[in-house]
Amino acid sequence: MSDHTKMIRAGRKEPGMQGAVNPPVHRASTLLFERAEDLYGTAPDRHYGTQGMVVHDALREAFCQLEQASSVVLTHSGLSACTLPLLSVCSAGDHILVSDNIYGPTRKFCDEHLIRFGVKTEYFNPRVGDRIAEQIKPETRAIFMESPGSLTMELTDIPAIVALAKANNIWTLVDNTWAAGWFFKPLLFGVDFSIQAATKYPCGHADVLMGTIATKSAKATKLLKSYDRASGNFVAPDDAWLILRGMRTMGTRLERQQQSALQVANWLQKHACIAQVLHPALPSHPDHMLWKRDFTGASGLFSLVLQPVCEQKVLAFLNALQLFGLGFSWGGFESLAIHCDPQTVRTCDSWQAQGPLIRLSIGLEDPDDLIADLEQALSQLDK
Ligand SMILES: *Cc1c(COP(=O)(O)O)cnc(C)c1O
């Protein structure tokens, strides 16, 4: 069955639905037992609200199908889905390798907090390929990748790195938010932890925060679940319900966003003010062949490099946009734009751009309207 069909059917055979199409929202901390004998037993398998109710089961089931996982842990934000597996696998004295294009707050967590627990982070060039072998130490515990990175769109050769990691007994983690589990399935490539900010495409409406961590191997699942339980992680049932609702239409939204983003990217490529369009599905992208080999499509997030201009003109361009909102996050039904300078945080000297970087998240508006909006706003740069 295709993912479109799977996402329509997932989680709808849970007990207790009483014929409803969607699972109910149960608000529960205490769960009552019929018999005192069961209070400390193993049956029933649900003992307390933190384990989640029917709606959580349904959502985990949907993500299991999407990521082809055997288990999924839900977390209260995408960022917590990045930090939880690191805390699950790392111990004092460990060393981890993190891609230099990683989501900024994940980087901050590693540099300012993992270090307090004696875990050292070293960054690698996302395009390093199997030369990452030179950075592997006896105490390297995990390799954390993000492909493509959500600002600069550089891709990583995940299969090459997974092969080396496996040979050295190192855990691999991938932040899979860009592909949304739809266009790339890390677990099928041997990755141990596939992470998503479900805040983005699964939610699709810019109004819920959630993260997911998908695992397949029994060993990774056991470590993650143990830490998940012990740390008190939990997501609200209403939020779980909203994300599941979003997933029913995610495939349709993604198809449309993929098409619209490509149309906008192709138009931008011909514009005189643009130095480079960074979209993995364009043949001009430096990692296009990797994308073609490993991915089945592209989402609606990409970046562009403007011809060198002063900051004031960049701000004038952004302020002139009418249909693009200015704001962080992405994956919602509405288009967004931000400017950013990845050079300020990166440490590997792996990123250089000719001019200012703009990131666009293409929503569900008509792409012709979005192009017209970009055209009038770009005219600010010539003024
Ligand atoms: C947004 C994002 C996150 C964090 O998700 P939140 O739900 O906003 O905490 C993590 N990784 C990537 C690549 C993201 O874009």
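Out of Leu381, Leu360, I need the residue that is more than 16 Å from the ligand (Cβ to nearest atom) and either more than 24 Å from Gly149 (Cα to Cα) or in contact (Cβ under 8 Å) with a residue 24 or more places away in the chain (or both). Which one?
It is Leu381.
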When every residue in the stretch 133-155 that is surrounded by fewer than 24 Cβ atoms within 10 Å (Cβ to Cβ) and among the charged types (D, E, K, R) is compared, the one nearest to the ligand (Cβ to nearest atom) is Arg141
Criterion: within 16 Å of the ligand (Cβ to nearest atom) and basic (Lys, Arg) - qualifying residue of Lys108, Lys120, Lys6:
Lys108
Within the stretch 172-194, how many residues turn out to be under 22 Å from Ala281 (Cα atoms), within 13 Å of the ligand (Cβ to nearest atom) and among the aliphatic types (A, V, I, L, M)?
3
Being buried (at least 22 other Cβ atoms within 10 Å of the Cβ) and farther than 18 Å from Glu154 by Cα is the requirement here; does Ser299 meet it?
no
Only one of Phe295, Phe317 that is among the aromatic types (Phe, Trp, Tyr) and over 22 Å from Tyr103 (Cβ atoms)
Phe317
Matching residues in the stretch 329-340 - criterion: being within 15 Å of the ligand (Cβ to nearest atom), modelled with pLDDT of 95 or more and not small (Gly, Ala, Ser)
Trp330, Leu336, Ile338
Consider the stretch 292-316. How many of its residues are within 29 Å of Gly129 (Cβ to Cβ) and in a helix (DSSP H, G or I)?
3
Answer yes if at least one residue in the stretch 211-221 is over 23 Å from Pro126 (Cα atoms), surrounded by fewer than 20 Cβ atoms within 10 Å (Cβ to Cβ) and within 16 Å of the ligand (Cβ to nearest atom), and no otherwise.
no
Quickly run through the stretch 296-328 and pick out the residues that are within 16 Å of the ligand (Cβ to nearest atom) and among the small types (Gly, Ala, Ser).
Ala298, Ser299, Gly300, Ser303, Gly325, Gly327
Residues of the stretch 235-266 being over 19 Å from the mean Cα position of the chain (by Cα) and of a type in the set (A, V, I, L, M, F, W, C), in sequence order, are Ala236, Trp241, Leu262, Val264, Ala265
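The values are calculated or read from the model by the stated rules, or taken from the named source; none is laboratory data. Quick caveat: nothing in here was measured; it's all calculated off a predicted structure. All Cβ positions, even for glycine, are placed from backbone atoms using ideal geometry, and neighbour counts span all protein chains on display.
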